[in-house]
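The values are calculated or read from the model by the stated rules, or taken from the named source; none is laboratory data. Here the structure is a predicted model, which means the values were calculated and not measured. Because the Cβ atoms are built from the backbone with ideal geometry, glycine has one as well, and the counts that use them run over all protein chains shown.
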Amino acid sequence: MSKRLFVSVDLDGLAAEVEAVQELFEGASGLKSVDPAQAHVTLKFLGDTDEDRIPSLIEELETAVEGSGVDPFEATFGGLGVFPSIEYISVVWLGVREGGDRLTALHEAIEDRAVGMGFDPEDHEFTPHVTIARMNHAGGKELVQEIVRERDPDVGSLRVEEVRLTESTLTNDGPEYSTLESFEL
């Protein structure tokens, strides 16, 4: 058996603020919002992982977080962006205004350990962000482009004290997340 896993910093307590930003995009055809209660910064997507690898993965992640040199910190979220480009939108995201350097340091430490275990290396540069919606078709693309270009919402701050190893179970209603392990900073 395998589990679909990723490593994240979760935006606990900011669901209402994330939802308020998602509401800016109301009426954008083809855009599907993610559950604001599950908003997070993905530090490393691990994908399908054999269950028997999880204990050693947990050890490696603990070592990575300890070795990252990152202590608890304030992260501030706001601003909007898209991947891969404003002309071809697949993801709409919230940016990280403060704390991005620490999130990047955590990502790099985790990336090193995960790749050392045989997980695929990232194929693009790490950009700390929070996915808030996915574009299924381009019907509402112009509205999304306009909002991303013209709006600069503030979402708020939170104290980041831990990194989580999260399991993602795909359901008909979208992914459901459960924390397998937490790693204190």
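Some values worked out for this structure:
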{"read-out": "Residue within the stretch 120-142 that is part of a helix (DSSP H, G or I), of a type outside the set (Val, Ile, Thr) and surrounded by fewer than 12 Cβ atoms within 10 Å (Cβ to Cβ) present", "value": "yes"}
{"read-out": "Complete set of residues in the stretch 11-24 that are farther than 13 Å from Leu94 by Cβ and touching a Leu at 6+ places or on another chain (Cβ under 9 Å)", "value": "Asp12, Gly13"}
{"read-out": "Residue under evaluation Thr166, criteria (1) buried (at least 17 other Cβ atoms within 10 Å of the Cβ); (2) farther than 17 Å from Ala20 by Cα; (3) among the β-branched types (Val, Ile, Thr); (4) more than 14 Å from the chain's Cα centre (by Cα), criterion not met", "value": "(4)"}
{"read-out": "Total residues in the stretch 67-83, condition touching a Phe, Trp or Tyr at 6+ places or on another chain (Cβ under 8 Å) and either touching a residue at least 60 places away in the same chain (Cβ under 8 Å) or closer than 17 Å to Glu111 by Cβ (or both)", "value": "3"}
{"read-out": "Some residue of the stretch 52-63 being crowded, with 18+ Cβ neighbours inside 10 Å and among the polar types (S, T, N, Q)", "value": "no"}
{"read-out": "Lone unmet requirement of (1) touching a residue at least 24 places away in the same chain (Cβ under 8 Å); (2) out of contact with any helix residue (DSSP H, G or I) (no Cβ under 9 Å at 6 or more places or on another chain); (3) outside any helix (DSSP H, G or I) for Glu26", "value": "(1)"}
{"read-out": "Residue list for the stretch 143-174, filter: at pLDDT below 95, part of a loop (DSSP other than H, G, I, E, B) and either among the hydrophobic types (A, V, I, L, M, F, W, C) or more than 19 Å from His40 (Cα to Cα) (or both)", "value": "Asn172"}
{"read-out": "Complete set of residues in the stretch 136-179 that are among the aliphatic types (A, V, I, L, M) and touching a helix residue (DSSP H, G or I) at 6+ places or on another chain (Cβ under 7 Å)", "value": "Val155, Val163, Leu165"}
{"read-out": "Any pair with Cβ under 7 angstrom, 6 or more apart, that starts in the stretch 86-113 at a residue that is under 19 Å from Ala39 (Cβ atoms) and ends at one that is surrounded by fewer than 21 Cβ atoms within 10 Å (Cβ to Cβ) and of a type in the set (D, E, K, R)", "value": "Ile89/Lys141; Ser90/Arg134; Val91/Arg134; Glu98/Glu74; Gly99/Glu74"}
